[in-house]
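This report concerns only the one structure given below.
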């Protein structure tokens, strides 16, 4: 399960600019996406991803429930929020930096598809471990599907382009914060 969460989130760690041979890897506008994955045991898990483009920050609702992450792509800071406990673990240098050059990640265009009613371009690439990965990304940088070995690992079931409230992208005042370490 963690690999699937990381796969979906990690794909947004790339550069914000695209050319004909590379997709945009960070959304260029505010968006709220719900993803679904089916586990090998048949369980269906949903994960939420909200993006505030002006601040380059994501709020990720993990499938386990009760835990959400704030990922700031400008500062590389992550806050892991435990909602019922009103606590957060603060980790610096936890968001991967954008790749430094086009040779760090290669993409091969495979066509187009519609996922959750939104058109996306299908790409072949490799994940951080070097495994072949297939992704479908919109022209404005929203990941809609990711898979490996011909199997869909995570797929958008709803996409809503709407302004995101800045207050939702901060740990609430009064919460207990502890410092963690990047792994």
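The values are calculated or read from the model by the stated rules, or taken from the named source; none is laboratory data. Just so you know, these numbers come straight off a predicted model, no measurement behind them. Positions of Cβ are generated from backbone atoms using ideal geometry, with glycine treated the same way; all protein chains shown enter the neighbour counts.
Miscellaneous remarks
- Among the candidates 3, 22, 56, 36, residue that is farther than 19 Å from residue 118 by Cβ, in contact with a strand residue (DSSP E or B) (Cβ under 9 Å, 6 or more places away or on another chain) and modelled with pLDDT of 90 or more: 56
- With respect to the stated conditions, residue 125 is surrounded by 11 or more Cβ atoms within 10 Å (Cβ to Cβ), closer than 16 Å to residue 21 by Cα and without any contact (Cβ under 8 Å) to a residue 24 or more places away in the chain.
- Residues of the stretch 140-161 classified as within 17 Å of the chain's Cα centre (by Cα) and more than 20 Å from residue 73 (Cα to Cα), total: 13
- Selected residue [crowded, with 19+ Cβ neighbours inside 10 Å, out of contact with any helix residue (DSSP H, G or I) (no Cβ under 6 Å at 6 or more places or on another chain) and in contact (Cβ under 8 Å) with a residue 40 or more places away in the chain] from 157, 142, 179: 142
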